[in-house]
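So that we are looking at the same thing, I have put the structure below in structure tokens.
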Amino acid sequence: MGDSLNSPEEKARLYLKKHRIMEMLNYLTFQLLYHRPDKPREFLLNMLSKIKIAKTTSVDFPYLIDDSNLVSMFEIMDPTNQGFITPVQYKEALKNLGLLDSEEVIDEKLDVITKDYFRKDVARKTLKMWLSF
């Protein structure tokens with residue numbers, strides 16, 4: 001069993017997990033698909049440059065999904081305008097945004113996710129993600 005911890009596959013998995021590489025790649029991929037820039041490589045390099053500058057200067061991290069986009073996303077998941085979505089819908093939205101840790105569990109005490117909670121928690125998770133890179 002000790003050998004499996006030292007296998008190249010396990011070392012690679014631990015490296016990716018430690019540095020949150022999959023979360024970053026998921027988020028960058030989402031941004032590419034959301035914005036569909038004419039020059040995707042330039043877009044990604046610009047985004048990574050903004051992250052680097054933000055980390056070294058402590059300025060705001062790039063929030064490429066602004067509040068109006070979050071509201072629109074929420075409203076798509078709440079087509080009958082009830083003012084809430086289910087935790088399952090929320091988990092799927094986080095997964096699509098690349099903001100859901102593989103081990104993360106959505107608070108089961110929450111019966112519903114309100115628009116305000118959705119906006120604030122996505123902003124919090126986005127900042128947490130940027131700080132981890």
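Order 88, 112 by their accessible area, 1.4 angstrom probe, all chains in place, largest first.
The ranking, largest first, comes out as 88, 112.
Let me ask you something else. Just to confirm a number: summing +1 for Lys and Arg and -1 for Asp and Glu over residues other than residue 114 whose beta-carbon lies under 11 angstrom from that of residue 114, what do you get?
-1
Cα-Cα over 22 Å: which of 50/115; 18/120; 17/128; 91/115; 91/128; 17/115?
Working: 50/115 28 Å; 18/120 25 Å; 17/128 15 Å; 91/115 14 Å; 91/128 17 Å; 17/115 30 Å.
Listed pairs above 22 Å: 50/115; 18/120; 17/115.
Any idea of residue 67's accessible area? Nearest 10 Å², probe 1.4 Å.
Residue 67 exposes around 70 Å² with every protein chain in place.
Next question, about the same structure. How long is the gain from residue 80 to residue 29 if the chain were fully straight, where each residue apart is worth 0.36 nm and the alpha carbon distance is subtracted? Numbers along the way, then the final one.
On the way: separation 51, 0.36 × 51 = 18.36 nm, distance 2.95 nm.
Value of the extension gain: 15.4 nm.
From the protein chains alone at 1.4 Å, what is the descending order of accessible area for 41, 20, 13, largest first?
41, 13, 20
May I ask for the net charge around residue 82, where only other residues with Cβ less than 15 Å from the Cβ of residue 82 are counted and Lys, Arg are +1 while Asp, Glu are -1?
Details: positive: 115; negative: 75, 78, 111, 116.
That sum, taken over residues with Cβ under 15 Å, equals -3.
The values are calculated or read from the model by the stated rules, or taken from the named source; none is laboratory data. Every value quoted in this text rests on a predicted model; they were computed, and no experiment measured them. A quick note on method: Cβ atoms are made from the backbone with ideal geometry, for glycine too, and the neighbour counts reach across all protein chains shown. Just so you know, the surface numbers come from the protein's heavy atoms only, side chains and all, with ligands and any DNA or RNA stripped out. Shrake-Rupley method; radii C 1.70, N 1.55, O 1.52, S 1.80 Å.
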